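Here's the structure, in structure tokens; my notes come after.
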Amino acid sequence: MLPYGRQSISDADIDAVVAALRGDWLTTGPLVAELEQRIGELAGGHRAVSCTSGTAALHMAYAAAGVGPGDEVVCTPMTFVASASGASLLGASVVFADIDPETGLIDPDAVAAAVGERTKVVTAVDYAGQPADYGRLQPLANEVGALTLADAAHSIGATLDGRPVGDLADMTTFSFFPTKNLTTGEGGAAVFRDPALAQRAHEFHFIGLVRDPARFRMTDEGPWHQEVHELGVNYRLTDVASALGLSQLNRLEAFKRRRAEIVARYDERLADVPGLALPGRRPGADPVWHLYPVRVLEGRRREVYDRMRAAGIGVQVNYIPVYWHPVYADLGHRRGACPNAEAFYAQELSLPLFPDLTDDDVDRVVDALRAALR
Ligand SMILES: *Cc1c(COP(=O)(O)O)cnc(C)c1O
């Protein structure tokens with residue numbers, strides 16, 4: 001089965017991991033700091049905090065923002081559940097705002113209708129690798145004293161109007177899961193425009209430990225002294241994983257180029273296929289294409305999904321609207337709330353897209369899709 005996404009691991013990646021294993025630090029060492037430095041530089045020159053997954057990064061960002069009971073987080077439903085669940089875990093209510101039907105990105109008009117006095121964070125997802133419309137989302141958040149959060153699990157390395165992902169929202173989170181644009185196995189990071197938020201995120205993911213003597217509230221017990229002021233978790237990324245991440249970062253530009261080539265080939269070869277809508281484009285975006293999300297029209301998505309799978313093509317569906325999950329249904333969220341997202345979901349099919357996919361593979365996918373739609 002040709003997968004829909006897959007990591008690309010080079011000899012250099014393997015050598016980097018082996019070197020880390022032979023070194024002094026398996027975790028909390030210099031490679032973690034170096035990875036955070038490099039991600040921060042890539043993402044607009046802001047401080048990055050690494051962590052164990054994209055899900056952890058979202059939890060960490062919401063915790064840094066001080067999200068808690070009584071707060072609302074406005075979020076797209078066209079995403080993986082973690083974009084919303086990090087806020088729910090902290091006791092906030094999630095308000096889902098509908099998407100643009102062409103791009104799958106959160107619709108600023110829907111956000112304008114959803115924000116209010118209780119809104120603490122507005123969360124967009126850079127669906128498929130195209131940045132959302134932060135130029136409109138930021139003022140909407142600012143007006144009610146909320147922060148913007150970009151779930152950039154799909155879009156590390158992308159830009160919007162020349163500005164890098166990481167510089168587009170107050171907080172930006174990344175995932176380094178194997179199917180994403182670069183991998184550390186499991187892993188993630190968050191980037192913050194406000195250094196104070198980054199410090200809070202760092203402490204949250206580091207068990208809440210405070211090691212700066214200037215901030216001690218107890219009498220200093222000695223050289224071993226450290227204090228906990230707020231509860232935290234251990235979401236630390238290891239040096240072994242960071243070694244892989246650093247090596248993968250050297251390849252990100254090449255990954256981006258190859259993903260764009262594959263997208264161009266799909267675009268060209270699928271342009272005239274009836275019953276199919278190709279991914280909508282976001283003006284001003286230079287994406288890193290993580291997904292190639294076509295829409296299968298005329299109610300034929302399930303049939304086409306089954307035929308592609310039977311032909312050995314591992315297509316995927318991204319995503320079931322978040323509020324359909326029983327955990328959100330149990331909280332009172334009802335189907336029908338975001339009609340564009342539900343219509344998008346009903347038609348969406350993600351075709352295989354990863355850097356090591358060959359042109360022949362792409363042509364095989366195209367032929368199988370044409371046959372499935374006949
Ligand atoms: C993958 C993904 C996540 C979660 O990342 P993990 O590293 O798998 O925990 C969150 N949001 C989106 C949009 C994702 O695609």
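The values are calculated or read from the model by the stated rules, or taken from the named source; none is laboratory data. Since the structure is predicted, the reported quantities are computational estimates derived from the model, not experimental observations. Cβ sites come from the backbone with ideal geometry, for glycine too, and all protein chains shown count toward neighbours. Note: areas computed on protein heavy atoms with side chains; ligands, DNA, RNA excluded. Shrake-Rupley method; radii C 1.70, N 1.55, O 1.52, S 1.80 Å.
Yes or no: the range 71-80 includes at least one residue that is among the aliphatic types (A, V, I, L, M), surrounded by fewer than 24 Cβ atoms within 10 Å (Cβ to Cβ) and outside the structural domain of ARG259 (by TED's automatic domain parsing).
no
Within the range 269-279, can one find any residue that is more than 22 Å from GLY54 (Cα to Cα), assigned to a loop (DSSP other than H, G, I, E, B) and either within 27 Å of the chain's Cα centre (by Cα) or not assigned by TED's automatic domain parsing to the domain that holds LEU297 (or both)?
yes
Counting residues that are within 17 Å of ARG236 (Cβ to Cβ), which helices (runs of 4 or more DSSP H) fully inside the range 21-115 reach at least 3?
Per the criteria, 30-42, 54-64.
Tally the residues that are within 24 Å of the chain's Cα centre (by Cα) and either at positive phi or not assigned by TED's automatic domain parsing to the domain that holds GLN130 (or both), restricting the search to the range 206-245.
Within the range 206-245, residues that are within 24 Å of the chain's Cα centre (by Cα) and either at positive phi or not assigned by TED's automatic domain parsing to the domain that holds GLN130 (or both) number 1.
Identify, please: which residue in the range 160-183 is open to solvent by 10 Å² or more (accessible area, probe 1.4 Å), over 16 Å from ALA48 (Cα atoms) and assigned to a loop (DSSP other than H, G, I, E, B) and is, among those, farthest from the ligand (Cβ to nearest atom)?
Among those residues, the one meeting the criterion is GLY162.
Considering each of GLN138, GLN130 in turn, give the residue that is over 22 Å from ALA329 (Cβ atoms) and within 16 Å of the ligand (Cβ to nearest atom). Quick ask: steps written out before the conclusion?
Details: GLN138 fails: within 16 Å of the ligand (Cβ to nearest atom).
Criteria check complete, one pass: GLN130.
Taking the options GLU186, GLU117, GLU102, GLU143, name whichever one is within 16 Å of the ligand (Cβ to nearest atom), acidic (Asp, Glu) and surrounded by fewer than 22 Cβ atoms within 10 Å (Cβ to Cβ). Steps first, answer last, please.
Values: GLU117 fails: within 16 Å of the ligand (Cβ to nearest atom); GLU102 fails: within 16 Å of the ligand (Cβ to nearest atom); GLU143 fails: within 16 Å of the ligand (Cβ to nearest atom).
On inspection, the qualifying residue turns out to be GLU186.
Across the range 146-159, what is the total count of residues that are surrounded by 24 or more Cβ atoms within 10 Å (Cβ to Cβ) and more than 16 Å from the ligand (Cβ to nearest atom)?
2
Tell me the residue from GLY54, GLY44, GLY5 that is within 19 Å of the chain's Cα centre (by Cα), surrounded by fewer than 22 Cβ atoms within 10 Å (Cβ to Cβ), modelled with pLDDT of 95 or more and within 16 Å of the ligand (Cβ to nearest atom), please.
Exactly one of GLY54, GLY44, GLY5 is within 19 Å of the chain's Cα centre (by Cα), surrounded by fewer than 22 Cβ atoms within 10 Å (Cβ to Cβ), modelled with pLDDT of 95 or more and within 16 Å of the ligand (Cβ to nearest atom), namely GLY5.
Which one of these is β-branched (Val, Ile, Thr), open to solvent by less than 10 Å² (accessible area, probe 1.4 Å), within 16 Å of the ligand (Cβ to nearest atom) and not assigned by TED's automatic domain parsing to the domain that holds PHE344: VAL122, VAL111?
Of VAL122, VAL111, the one residue that is β-branched (Val, Ile, Thr), open to solvent by less than 10 Å² (accessible area, probe 1.4 Å), within 16 Å of the ligand (Cβ to nearest atom) and not assigned by TED's automatic domain parsing to the domain that holds PHE344 is VAL122.
Check off (1) assigned to a helix (DSSP H, G or I); (2) outside the structural domain of THR173 (by TED's automatic domain parsing); (3) aliphatic (A, V, I, L, M) for ALA201 and give me the number that stays unchecked.
(2)
Out of all the residues in the range 8-27, which are open to solvent by less than 70 Å² (accessible area, probe 1.4 Å) and in contact (Cβ under 8 Å) with a residue 40 or more places away in the chain?
Hits for the range 8-27 are SER8, SER10, ALA12, ASP13, ALA16, VAL17, ALA19, ALA20, GLY23, THR27.
What are the pairs with Cβ atoms under 9 angstrom where one residue, in the range 180-195, is touching a residue at least 12 places away in the same chain (Cβ under 8 Å) and the other, located anywhere, is near the ligand (Cβ under 10 Å from one of its atoms) and β-branched (Val, Ile, Thr)? Sequence gap at least six, or different chains.
GLU186/THR52; GLY187/THR52; GLY188/THR52; GLY188/THR55; GLY188/THR173; ALA189/THR173; ALA190/THR173; VAL191/THR173
Would you check if LEU369 is farther than 30 Å from VAL95 by Cβ, at pLDDT 95 or above and under 25 Å from the mean Cα position of the chain (by Cα)?
no
Which residues, taken from the range 81-99, are within 12 Å of the ligand (Cβ to nearest atom) and surrounded by 24 or more Cβ atoms within 10 Å (Cβ to Cβ)?
Of everything in the range 81-99, those that are within 12 Å of the ligand (Cβ to nearest atom) and surrounded by 24 or more Cβ atoms within 10 Å (Cβ to Cβ) turn out to be SER83, ALA84, GLY86.
Answer with yes or no whether LEU278 is within 30 Å of ARG136 (Cβ to Cβ) and open to solvent by less than 20 Å² (accessible area, probe 1.4 Å).
Judged against the criteria, LEU278 is not a match.
For the subset of the range 291-334 comprising residues that are in a loop (DSSP other than H, G, I, E, B) and open to solvent by 70 Å² or more (accessible area, probe 1.4 Å), which member is farthest from the ligand (Cβ to nearest atom)?
Restricting to residues being in a loop (DSSP other than H, G, I, E, B) and open to solvent by 70 Å² or more (accessible area, probe 1.4 Å), the top hit is GLU298.
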